């Protein structure tokens with residue numbers, strides 16, 4: 001069994017080491033690298049997911065399409081493609097960074113702290129692309145119009161990071177018009 005590792009960061013977002021993912025998430029979680037992805041189809045709908053009820057942190061909350069942690073030496077694009085495949089059964093998407101500087105902290109009901117530099121990317125697939133959610137990761141997945149996604153951010157059943165991300169994404173318009181910010185503002189420890 002492979003133990004998933006996270007990349008630990010200093011205050012300048014430089015990699016300072018690695019740690020096993022599961023035991024590193026607790027009441028004093030170290031600052032580390034993550035990402036969030038919003039999957040849009042060619043019609044501008046966004047795949048919104050509900051986290052599996054068996055997840056240790058934030059089970060059952062509605063959030064963006066997928067999220068994860070780049071492994072040591074793994075570029076952002078490869079990490080996103082891996083999680084899209086593993087969580088949602090999605091392949092062949094076009095991935096672009098949209099909020100490269102996003103960072104947040106959130107505390108789960110059990111006291112676990114999320115403490116992440118979490119660049120946000122958009123992935124685009126053709127309309128009607130098949131989605132096969134992994135039940136260990138995703139309780140439910142639905143294609144929503146952007147307006148409904150924005151409304152979800154005002155409800156408590158959405159994840160804390162989703163609410164913060166939507167506050168920055170909503171002014172950018174619909175997902176297909178979000179600008180590609182390029183890779184210059186990604187953390188120095190994260191390759192593309």
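Screening the stretch 1-51 for strands (runs of 3 or more DSSP E) wholly inside it with 2 or more residues that are at pLDDT 95 or above, crowded, with 16+ Cβ neighbours inside 10 Å and touching a helix residue (DSSP H, G or I) at 6+ places or on another chain (Cβ under 9 Å) returns the ranges 5-9, 35-41, 46-51.
Does residue 84 satisfy the criteria of being buried (at least 22 other Cβ atoms within 10 Å of the Cβ) and either under 15 Å from residue 141 (Cα atoms) or within 13 Å of the chain's Cα centre (by Cα) (or both)? Here the answer is yes, as residue 84 does meet what is asked.
Only one entry in 154, 173 is farther than 30 Å from residue 28 by Cα and out of contact with any strand residue (DSSP E or B) (no Cβ under 7 Å at 6 or more places or on another chain), namely 173.
Checking each residue in the stretch 155-166 for being in a loop (DSSP other than H, G, I, E, B) and either closer than 29 Å to residue 186 by Cβ or under 16 Å from the mean Cα position of the chain (by Cα) (or both) picks out only 159.
Residues of the stretch 1-41 that are in contact with a strand residue (DSSP E or B) (Cβ under 7 Å, 6 or more places away or on another chain) and farther than 18 Å from residue 68 by Cα: 10, 16, 27, 28, 41. Checked against the criterion of being part of a helix (DSSP H, G or I) and at negative phi, the stretch 132-146 has at least one qualifying residue.
Quick check: is even one residue across the stretch 95-105 surrounded by 14 or more Cβ atoms within 10 Å (Cβ to Cβ) and over 30 Å from residue 17 (Cα atoms)? Looking through the stretch 95-105, none of the residues is surrounded by 14 or more Cβ atoms within 10 Å (Cβ to Cβ) and over 30 Å from residue 17 (Cα atoms). For the stretch 162-190, filtering for residues that are closer than 12 Å to residue 119 by Cβ and surrounded by 15 or more Cβ atoms within 10 Å (Cβ to Cβ) leaves 7.
For (1) touching a helix residue (DSSP H, G or I) at 6+ places or on another chain (Cβ under 6 Å); (2) more than 30 Å from residue 8 (Cβ to Cβ), each residue gets a yes or a no:
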| site | (1), (2) |
| --- | --- |
| 97 | no, no |
| 102 | no, no |
| 107 | no, no |
| 119 | no, no |
| 125 | no, yes |
| 153 | yes, no |
| 163 | no, no |
| 167 | no, no |
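The values are calculated or read from the model by the stated rules, or taken from the named source; none is laboratory data. On a predicted model such as this, the values are computed, not experimentally measured, just so you know. Every residue, glycine among them, receives a Cβ derived from its backbone with ideal geometry; neighbour counts consider all protein chains shown.
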